[in-house]
1. By how many degrees, between 0 and 90 and to the nearest 10, does the Cα long axis of helix B:104-114 differ from the longest principal axis of chain B?
2. Using only the alpha-carbon atoms of the stretch A:174-249, report the extent along each of the three principal axes, biggest first, to the nearest angstrom.
3. In what sequence do A:158, A:195, A:25 fall when counting other Cβ within 10 Å, fewest first?
4. Tell me, how many Å apart are the Cα centres for the stretch A:119-175 and for the stretch B:272-319?
5. Kirkwood Rh and Cα-based Rg: tell me the resulting Rg over Rh for the protein assembly as shown, rounded to two decimals.
6. Would you mind telling me the antiparallel percentage of the DSSP bridges in the protein assembly as shown, rounded to 5?
7. If you count the DSSP beta bridges with both ends in chain B, what percent of them are antiparallel, to the nearest 5?
8. For helix A:252-280, what angle does its Cα long axis make with the longest principal axis of chain A, in degrees from 0 to 90 and rounded to 10?
């Protein structure tokens, strides 16, 4: 026991390595579970999420319907599981696209500097100067009221913060000696960017992205709640809560369970990202 | 010996706000094919700036640098990148000059990939060959830079520089960051490589003992100017510039015991004067003329060149060419 502790504390590198691994493992396990539910909701859901069963409408939670049923008699548990794809899956896609675009544009701005940098960063400033949710609402509404336009709107709203963060990092990375060394062996601008500079931003972008999945989920379900995203009869969580508004007093389960799902996923993503970033240091 | 690299009247000044630093002034230096030229001087004398200018990492203010008779500017614009294949570099910090996220094998193969040489199988073989050439075992290939020691890392950097079979290697203080015992190993590795491949080198160091060991010729720099150039033996045995003399007397490589050796005392380091010889404020032989007249490099017999105005007075048996 003593030996073990000595081993762990003997080098700081080793002990951070262990907590790093715990953070990474718990995070990956959580993401894998979510992905399974997203791609194979049928494995867990007892009912078809869209099948109406009007006789059993607004049933309280029971053995047959774990989370109760909605005004159409549809099983809320099944709907929450199927809705993972529209809510969490879409949020992941948004973050992936936004962080990818932001990283590439930010890296280009930071590396080339000059006029490219100026125009890209002014564009970023314009996006960031609006309250993001208001901008997302305006964009989603003008692009047409469906899921696709909500996703597009959120990607448009989210990439600038990545661009700014990555640009800052690139400014310091590009002064490092191994970049000079790459130049002296003849690497082109794009080879240096994609082989040497962008890989060095993966860590911070990764931590930021995992946290952002939570924030994007709130915004996306918010848009759906306002009728700017998913449309009926999709089992999207925000839309379900929106539908449940008229039944809040009589049928608490209808709005509470999708709400808990949102709360759970958002806080888990933010907590995991926090652990993750702590371990990175 | 055919001229490989010609540095002609090169000037480079760095400006920040109101202050100007003249990093290189009127530098003239040539390197022949297969020749090793040592460049010594204390820190801040402009040695690394000169290396960066030759590598095209900085732009020169005036003068010209020619490689195989062709203007550097033209070579850098050339799409075929032949200059980048023929001139390689080894830098001072072995760890910082490698990408920490890439394996050793990746870093050594990178020059080959960039210049589209061979396929992945032949590159793999070449990497192992290069590792053997710098006396590292095959297991090193899959490691990351943080797992190796400074000496091993510098060997990796040398292997990387050799990957493209260059004609010239610019070594910018390649051993300064290493342990003294490791320094000797790396210098010997450079010597061995030079003998086997006949590659020319510009070997920069602040340590005359190291430079003496490896160079055919030595150039001594002070405050952006060249003070003295000559064959290694001449420079080390009969210097014709007071600054070289002082450097030698402070060096520890002489075999005779320290007792009989007289250390030359210099005046305290002050700001470099705007006019006259930059060394005049520290030189024990300086007279009023030294602070007035611009220095010019002069050739003497025995193929030595010195910029000291009073060279013939200070070193009486010196014959002008």
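1. Orientation of helix B:104-114: about 90 degrees from the principal axis.
2. Computed over the stretch A:174-249, the largest-to-smallest principal extents equal 70, 19, 15 Å.
3. Ordered from fewest to most neighbouring Cβ atoms within 10 Å, A:158, A:195, A:25 come out as A:25, A:195, A:158.
4. Centre-to-centre distance over Cα atoms comes out at 64 Å.
5. Reported Rg/Rh, Kirkwood definition of Rh: 1.16.
6. Counting DSSP beta bridges with both partners in the protein assembly as shown, the antiparallel share is about 60 percent.
7. That works out to approximately 60 percent antiparallel.
8. For helix A:252-280, the angle is close to 20 degrees.
Every number here is computed from the coordinates shown, using simple stated rules; none is lab data. On a predicted model such as this, the values are computed, not experimentally measured, just so you know. Reconstructed Cβ throughout: ideal geometry from the backbone, glycine too, with neighbour counts over all protein chains shown.
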